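Student: My structure is below; once you've seen it, I'll send some questions.
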Amino acid sequence: MTETLLGNLADIAIERLREFEQDALAKHPDGYYVAYSGGKDSDVILDLVRRSGVKYTAHHHLTTCDPPEVVWHVKKQDDVSIKRPELTMWQLIRKKKMPPRRNARYCCEALKEGGGKDRIVVTGVRWGESWQRSKRKMLESCYRQKSKKFLNIIIEWTTAEVWEYIRGRGIEYCSLYDEGFKRLGCVLCPMTRDVERQMQRWPRIAKAWEKAVKATYQPNKPGFIFDNVEEYWRWWLDRDAPSRTKDNTIMMFED
C-alpha cells in the first residue's frame, strides 16, 4: 500500500463526510452521530471525522461485559460520551429468561444499537469483516428505524489499510491488539469462538456470565432436557452445540 493510495482512501472518506453533512444537520443540529466502539475501525473513523471538520457527537454504549481494556481506551477519548445501559447484561438475561445465542442476539439491539435515532450514524463497518457485511452499502437506512441512516465511510478498506492508517497517523489503539486479539467485543459474546482464552483472561466477567446463564436454567420447562445446571452451562459455552429441545428445531449457535 503506497502512501498516496492510502491518502486517497482517507480523502474519499473525508469527502463522504462533507458531502452528507447538510443531510446530517437537517436531521439533527449536532450533525453526525459517530458510533465509537473502541476498536481499530472506530479509531480510524473518529480520526477521519475530526480531520474533516464536520459537526458531530461521538458515542460509546457500554454493555457491562466489555473488556476493561476497551473501556479504558474509550475513556481516553475526550470527545466521546459514554452511555450506560438501563439494564446490565445480567439483568437483561434474567428479564429475557434466556441467555443470548448466535441466532438470538437480543443483547446487541438492547445495549448497543439504540443510539442515533433520527440521525446519520457514522460507523466503521467494512466489507472485509464478514460475508454478511460484504452486502452492506456505503449509505443505507436502518431496517429497524427508517429515519436513521448509516454512513459507512471506510466500507472498502482492508484490515491492512486500517492498520497502516493507524500507524501512519500515530493513533493510539486498544492494547488488546498487541496481545493478539484480532477483533474486540463483549467478553464471551455468542459470536466468539475464543471462549477458553477469554475465560482465562477475564475470569470475573466469565463468572458473571456463568451466574446469569445458570439463573435461566428451567428444568421443568417442556422440552428442556438437561440433566443438571452444569450441563446447561457447558452447552451454552460450546459454540458448536446443537439444540437440546425435544423436537430439535432450534439451533443454539447456528451460523
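Student: Just the residues that are part of a loop (DSSP other than H, G, I, E, B), within 19 Å of Val187 (Cα to Cα) and in contact with an Asp or Glu (Cβ under 9 Å, 6 or more places away or on another chain), please, taken from the stretch 202-247.
Tutor: none
Student: Is at least one residue of the stretch 179-187 surrounded by fewer than 19 Cβ atoms within 10 Å (Cβ to Cβ) and either over 16 Å from the mean Cα position of the chain (by Cα) or assigned to a helix (DSSP H, G or I) (or both)?
Tutor: Looking through the stretch 179-187, at least one residue is surrounded by fewer than 19 Cβ atoms within 10 Å (Cβ to Cβ) and either over 16 Å from the mean Cα position of the chain (by Cα) or assigned to a helix (DSSP H, G or I) (or both).
Student: Answer yes or no as to whether Asp78 is farther than 20 Å from Lys211 by Cα, without any contact (Cβ under 8 Å) to a residue 60 or more places away in the chain and either surrounded by fewer than 20 Cβ atoms within 10 Å (Cβ to Cβ) or out of contact with any Leu (no Cβ under 6 Å at 6 or more places or on another chain) (or both).
Tutor: Judged against the criteria, Asp78 is a match.
Student: Inspect all residues belonging to the stretch 109-128 and state whether any of them is in a loop (DSSP other than H, G, I, E, B) and at positive phi.
Tutor: Yes, the conditions are met somewhere in the stretch 109-128.
Student: Tell me which of these Met199 doesn't satisfy, since it passes every other one: (1) assigned to a helix (DSSP H, G or I); (2) surrounded by 14 or more Cβ atoms within 10 Å (Cβ to Cβ); (3) in contact (Cβ under 8 Å) with a residue 60 or more places away in the chain.
Tutor: With respect to (1) assigned to a helix (DSSP H, G or I); (2) surrounded by 14 or more Cβ atoms within 10 Å (Cβ to Cβ); (3) in contact (Cβ under 8 Å) with a residue 60 or more places away in the chain, Met199 is out only on (3).
Student: Further question on the same structure: Quick check on the stretch 130-153: of everything there that is of a type in the set (D, E, K, R) and touching a residue at least 24 places away in the same chain (Cβ under 8 Å), which residue is nearest to Tyr165 (Cα to Cα)?
Tutor: Lys149
Student: Only residues in the stretch 230-255 that are of a type outside the set (D, E, K, R) and surrounded by fewer than 15 Cβ atoms within 10 Å (Cβ to Cβ) count as the first member; pair them with residues that are at pLDDT 80 or above and not in a loop (DSSP other than H, G, I, E, B), Cβ under 9 angstrom, at least 6 apart or cross-chain, and list the lot.
Tutor: So the pair list comes out as Ala241/Arg234; Ala241/Trp235; Ile250/Arg101; Ile250/Ala104; Met251/Arg101.
Student: I've got another one for you. Kindly provide the set of residues from the stretch 93-150 that are surrounded by 18 or more Cβ atoms within 10 Å (Cβ to Cβ) and in contact with a strand residue (DSSP E or B) (Cβ under 7 Å, 6 or more places away or on another chain), ordered by number.
Tutor: Answer for the stretch 93-150, where residues must be surrounded by 18 or more Cβ atoms within 10 Å (Cβ to Cβ) and in contact with a strand residue (DSSP E or B) (Cβ under 7 Å, 6 or more places away or on another chain): Leu111, Lys112, Gly116, Arg119, Ile120, Val121, Val122, Thr123, Val125, Lys148, Lys149, Phe150.
Student: Any idea which of (1) exposed (fewer than 15 other Cβ atoms within 10 Å of the Cβ); (2) touching a Phe, Trp or Tyr at 6+ places or on another chain (Cβ under 6 Å); (3) of a type outside the set (A, V, I, L, M, F, W, C); (4) not in a loop (DSSP other than H, G, I, E, B) is the one Gly168 doesn't satisfy?
Tutor: Exception for Gly168: condition (2).
The values are calculated or read from the model by the stated rules, or taken from the named source; none is laboratory data. The model shown is predicted, which means the values in this text are computed figures rather than measured ones. Cβ atoms come from the backbone with ideal geometry, glycine included; neighbour counts cover every protein chain shown.
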